[in-house]
Amino acid sequence: MANYVPPVGFHFRVEVLGLSPNDSDIRFSDVSGLSTELSTEEVAEGGENRFLQKYPVQTKYTDLVLKRGLLKSSKVTEWIEECIQQLNITPKNIDIMLLDEDHTPLMAWHLVNAYPVKWTVSDFSARNNAIVVETLQLYYQYFKVDRG
């Protein structure tokens with residue numbers, strides 16, 4: 001382990017399973033929301049008021065947030081429009097893969113039953129020299145980690 005070098009966080013790929021991936025649909029500039037938290041319930045200890053006990057209740061997962069340059073059309077965008085605008089919600093599994101220098105997955109996060117809950121486009125401004133960014137926010141039930 002003395003020669004261990006942590007992986008870089010800028011070489012990754014996102015795939016929405018069940019949609020035919022193209023080069024644009026797997027490239028995102030940012031991925032956030034891969035976190036989990038154990039909710040607890042505090043219960044006062046009977047007869048001894050100085051102490052509280054904490055008991056595990058449930059595991060919570062935060063929404064996944066994906067960002068990329070705005071695409072005029074893509075399979076992912078069509079799926080999001082179908083879910084949000086037509087209320088035809090079709091959950092999909094999503095794979096997020098951290099890649100090595102040979103584009104081979106080092107680790108992967110498999111998100112189960114994800115669907116979009118929000119889609120936004122960055123502000124337009126004649127004073128800025130910036131690309132238009134779309135942000136996709138997705139709910140998912142849970143994720144599993146494949147550590148390669």
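The values are calculated or read from the model by the stated rules, or taken from the named source; none is laboratory data. If you're wondering where the values come from, they're calculated on a predicted model, not measured in any experiment. Note that each Cβ is placed from the backbone with ideal geometry, even for glycine, and that neighbours are counted across all protein chains shown.
See the values below:
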{"quantity": "Single unsatisfied condition, L66 versus (1) at pLDDT 95 or above; (2) over 15 Å from Q137 (Cβ atoms)", "calculated": "(2)"}
{"quantity": "Selected residue (criterion: surrounded by the fewest Cβ atoms within 10 Å (Cβ to Cβ)) from residues of the stretch 11-55 that are of a type in the set (F, W, Y) and closer than 18 Å to T135 by Cβ", "calculated": "F28"}
{"quantity": "Residue within the stretch 123-133 that is in a strand (DSSP E or B) and not hydroxyl-bearing (S, T, Y) present", "calculated": "yes"}
{"quantity": "Residue in the stretch 85-138 that is modelled with the lowest pLDDT, counting only those that are closer than 21 Å to S74 by Cβ and small (G, A, S)", "calculated": "A130"}
{"quantity": "First in the stretch 117-130 and in contact (Cβ under 8 Å) with a residue 24 or more places away in the chain, second anywhere and surrounded by 10 or more Cβ atoms within 10 Å (Cβ to Cβ) and of a type in the set (D, E), Cβ under 7 Å, 6 or more apart", "calculated": "V117/D63; W119/E134; V121/E134"}
{"quantity": "Residues (hydrophobic (A, V, I, L, M, F, W, C) and either closer than 18 Å to R27 by Cβ or in contact with a Leu (Cβ under 6 Å, 6 or more places away or on another chain) (or both)) located in the stretch 103-129", "calculated": "L106, M107, A108, W109, L111, A114, W119, V121"}
{"quantity": "Residue tally, condition surrounded by fewer than 15 Cβ atoms within 10 Å (Cβ to Cβ) and closer than 14 Å to F28 by Cα, over the stretch 56-70", "calculated": "2"}
{"quantity": "Residue pairs meeting the criteria (Cβ under 6 Å; at least 6 apart or on separate chains; first in contact (Cβ under 8 Å) with a residue 12 or more places away in the chain, in the stretch 91-115; second of a type in the set (K, R) and in a strand (DSSP E or B))", "calculated": "M97/R13; H110/K144; A114/K92"}
{"quantity": "Residues of the stretch 1-24 that turn out to be out of contact with any Leu (no Cβ under 7 Å at 6 or more places or on another chain) and not aliphatic (A, V, I, L, M), as a count", "calculated": "11"}
{"quantity": "V117 in a strand (DSSP E or B) and closer than 14 Å to Q137 by Cα", "calculated": "yes"}
{"quantity": "Output for the stretch 42-69, where each listed residue is farther than 18 Å from I94 by Cβ, outside any strand (DSSP E or B) and either touching a residue at least 24 places away in the same chain (Cβ under 8 Å) or among the acidic types (D, E) (or both)", "calculated": "E45, E48"}
{"quantity": "Evaluation of T77 against (1) part of a strand (DSSP E or B); (2) surrounded by 17 or more Cβ atoms within 10 Å (Cβ to Cβ) (one fails), failing number", "calculated": "(1)"}
